[in-house]
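The values are calculated or read from the model by the stated rules, or taken from the named source; none is laboratory data. If you're wondering where the values come from, they're calculated on a predicted model, not measured in any experiment. Neighbour counts run over all protein chains shown; Cβ positions are idealised from the backbone, glycine included. SASA here: full protein model, heavy atoms, side chains in, ligands and nucleic acids out. Shrake-Rupley method; radii C 1.70, N 1.55, O 1.52, S 1.80 Å.
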Amino acid sequence: MKKENQSFKLMDIHTHILPGVDDGAKDMHKALSLVRQAKENGTRAIVLTPHYRAPYKIDADLLYKRFCLFRKFVHAVGDGAFSKSTATAAGSA
């Protein structure tokens with residue numbers, strides 16, 4: 001339930017939203033649904049933390065490309081779900 005006078009901002013620092021990478025979101029549409037749900041529940045920043053070990057081992061360059069594609073998708077289709085400054089990947093700077 002969303003509180004009207006919510007004065008704090010939540011940050012989810014452990015998610016499996018990045019689609020098609022591990023046992024989390026299976027596609028972009030499911031991932032976007034999860035982002036919208038998080039926003040509705042008061043989350044204002046999400047850190048993507050996909051599994052990076054067997055059986056989900058993925059090339060780091062491919063993982064980064066998927067992150068960039070996901071970020072573009074969220075901002076293009078996400079109805080402003082998160083500002084551009086909130087989208088980050090663990091380990092990227």
Say R0 is 30 Å: what FRET efficiency, to the nearest 0.05, do A45 and A76 get from their beta-carbon distance? 0.95
³J(HN,Hα), Karplus 6.51/-1.76/1.60, whole Hz, each residue of segment 26-35, x for Gly, Pro: 7, 8, 4, 5, 5, 4, 5, 4, 5, 5
Rounded accessible area of H14 (nearest 10 Å², 1.4 Å probe): 120 Å²
Sorted by chain and number, the residues with a modelled amide H under 5 Å from that of T43, at a separation of 5 or more or across chains, are none
Distance check, please: which entries in K39/K65; K30/K57; K26/K57; K9/K30; K39/K72 exceed 19 angstrom between their Cα atoms? K39/K65; K30/K57; K9/K30
Under the Karplus relation with 6.51, -1.76 and 1.60 and θ = phi - 60°, whole-Hz ³J(HN,Hα) for segment 10-19, x at Gly and Pro, equal 8, 10, 8, 9, 8, 9, 10, 8, 4, x
